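> Sharing a structure with you now.
The values are calculated or read from the model by the stated rules, or taken from the named source; none is laboratory data. Note that this is a predicted model, so its numbers are computed, not measured. A quick note on method: Cβ atoms are made from the backbone with ideal geometry, for glycine too, and the neighbour counts reach across all protein chains shown.
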Amino acid sequence: MTLNIGIVGAGNISARYMQGLQKYPHLKVSYIADIDHARAASLASEFSVPGSGGTDALLANESIDVVINLTPPNLHASTVIRALDAGKSVYVEKPLATTREDALLMLKAERENPGILGSAPDTFLGSAGQTARHAIDSGYIGAPIGASAFVRSSRAETWHPNPGFLFEPGGGPVMDMGPYYIAALVNCLGPIHRVSADARIGSPTRKVTAPGRVVDEIPVSVNTHTSAVFSFTSGAIGTVLMSFDVWDTTLPRIEIYGTEGTLSLNDPNTFDGDVRLKRHEHSDWRVLAPVTQLFGLVGTPEQHRRGLGVDDLAGALAGGPHRANSGFAFHVLDTMLAIDEAAAAGQSIVLQSRTDRPAPLFNS
């Protein structure tokens, strides 16, 4: 079944979606909308999309089945609710929203309308996330006991001409990179029950050295160094460091520890890459064979393209499981918000949200 796609937001990430969606012939982008109509028209011309213009026209177009929302996070709720009310299904970029209140309104709109809501991140659906999940489900490391995850600085000051948004509320390492890591951990270990944390601002200002920079210095108003402990419903315990102040480290991205061995995972901001296993009786690490097809060539810009989550939503519309669903995305958001809340209050936060581990893409 071919689905007609409309994209709202023609900013930087939109080209990554256009490139990634070319992998799926049944997903046809037919309209691009942006507040800047000229920018929408330019992207449409670049990728031979027949229609472009404003969001109102997109939502009024009865031929559009699915809306991909690439607006800034503070606009996610209003845009998603409008699209759901217009009878569309929606896939929204991460994070689902910036507040629980907005996210709950989005979930309410989904319940009250015929469409369904999916959300990034979808990288846990890639071969690396699925291979790690298969290893755990197959008992390769025994019963999971704990995990560690490390978000290090992307050094945005050195390459982004105007990175101020990353150091304002709604930004920071937790909201910016946290979704990838938390989604990967929940995919592997299940939902999180309780969050404890501490956090601080590393430096009150940041020097911008990027070529063509718009500003030379930016103020910092969001925590840039956070340490958290996740208590999973399964009993596993996760130790998580998310920082824009750690520029150099030899720490792994994610490790998962079990009664019989350890898994080491690649960057969860990519779909593919080595998943390494070392059981207690092994003398060295072993790279596991991928259990699903690779999304793109490892180590290339293909890993930053998007579209697997939209294909997941299309499968759900056809009656299959919906893995990157709104409940999963809300649990990830709830966890991220609880990190700052726990740090501010100096006490643990018990999450009210629950989610199931997403159905695997491999044959179990």
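> Does ILE68 qualify as being buried (at least 24 other Cβ atoms within 10 Å of the Cβ), in a strand (DSSP E or B) and touching a Ser or Thr at 6+ places or on another chain (Cβ under 9 Å)?
Values: buried (at least 24 other Cβ atoms within 10 Å of the Cβ): yes; in a strand (DSSP E or B): yes; touching a Ser or Thr at 6+ places or on another chain (Cβ under 9 Å): yes.
The answer is yes for ILE68.
> Among the residues of region 249-266, which ones are closer than 28 Å to HIS225 by Cβ and in contact (Cβ under 8 Å) with a residue 24 or more places away in the chain?
Here is the first cut: in region 249-266, the ones closer than 28 Å to HIS225 by Cβ are 249-257, 262-266.
Listed by number, the residues that qualify are THR249, LEU251, PRO252, ARG253, ILE254, GLU255, ILE256, TYR257, THR262, LEU263, LEU265, ASN266.
> Quick check on region 223-238: of everything there that is surrounded by fewer than 20 Cβ atoms within 10 Å (Cβ to Cβ) and of a type in the set (S, T, N, Q), which residue is nearest to ALA342 (Cα to Cα)? Before you say what the answer is, go through the steps one by one.
As a first pass, look at region 223-238 and keep what is surrounded by fewer than 20 Cβ atoms within 10 Å (Cβ to Cβ): 225, 227, 229, 231, 233-235, 237.
Within this subset, residues satisfying the condition of being of a type in the set (S, T, N, Q) are 227, 231, 233-234.
Details: SER227: 11, SER231: 13, THR233: 18, SER234: 21 Å.
The residue in question is SER227.
> Right, here's the next one. Looking at region 77-99, can you tell me whether even one residue there is over 16 Å from the mean Cα position of the chain (by Cα), in the same structural domain as ASP267 (by TED's automatic domain parsing), in a loop (DSSP other than H, G, I, E, B) and in contact (Cβ under 8 Å) with a residue 12 or more places away in the chain?
no
> Could you please tell me which pairs satisfy a Cβ distance under 6 Å, a separation of 6+ or placement on different chains, a first residue in region 174-185 that is in a helix (DSSP H, G or I), and a second residue that is basic (Lys, Arg)?
PRO179/LYS94
> Turning to a different aspect of this structure: Which condition from (1) over 20 Å from the mean Cα position of the chain (by Cα); (2) part of a loop (DSSP other than H, G, I, E, B) is the one that ALA41 breaks?
Going through the list (1) over 20 Å from the mean Cα position of the chain (by Cα); (2) part of a loop (DSSP other than H, G, I, E, B), ALA41 breaks only (2).
> Do we find a residue being crowded, with 16+ Cβ neighbours inside 10 Å, over 22 Å from TYR257 (Cβ atoms) and not small (Gly, Ala, Ser) anywhere in region 180-195?
no
> If I filter region 43-50 for residues that are surrounded by fewer than 24 Cβ atoms within 10 Å (Cβ to Cβ), at pLDDT 95 or above and touching a helix residue (DSSP H, G or I) at 6+ places or on another chain (Cβ under 7 Å), do I get at least one hit?
So far as region 43-50 goes, yes, one or more of its residues are surrounded by fewer than 24 Cβ atoms within 10 Å (Cβ to Cβ), at pLDDT 95 or above and touching a helix residue (DSSP H, G or I) at 6+ places or on another chain (Cβ under 7 Å).
> Starting from residues that are aromatic (Phe, Trp, Tyr) and assigned to a loop (DSSP other than H, G, I, E, B), keep the ones in region 121-172 and report whichever is surrounded by the most Cβ atoms within 10 Å (Cβ to Cβ). Walk me through how you get there before you give the answer.
Step one: of region 121-172, the residues aromatic (Phe, Trp, Tyr) are 124, 140, 150, 159, 165, 167.
Keeping just the survivors that are assigned to a loop (DSSP other than H, G, I, E, B) gives 140, 159.
Values: TYR140: 18, TRP159: 13.
Applying the filter and picking the extreme gives TYR140.
> Sort through ILE201, ILE256 and tell me the only one that's at pLDDT 95 or above and surrounded by 20 or more Cβ atoms within 10 Å (Cβ to Cβ).
Values: ILE201 fails: surrounded by 20 or more Cβ atoms within 10 Å (Cβ to Cβ).
Only one candidate qualifies: ILE256.
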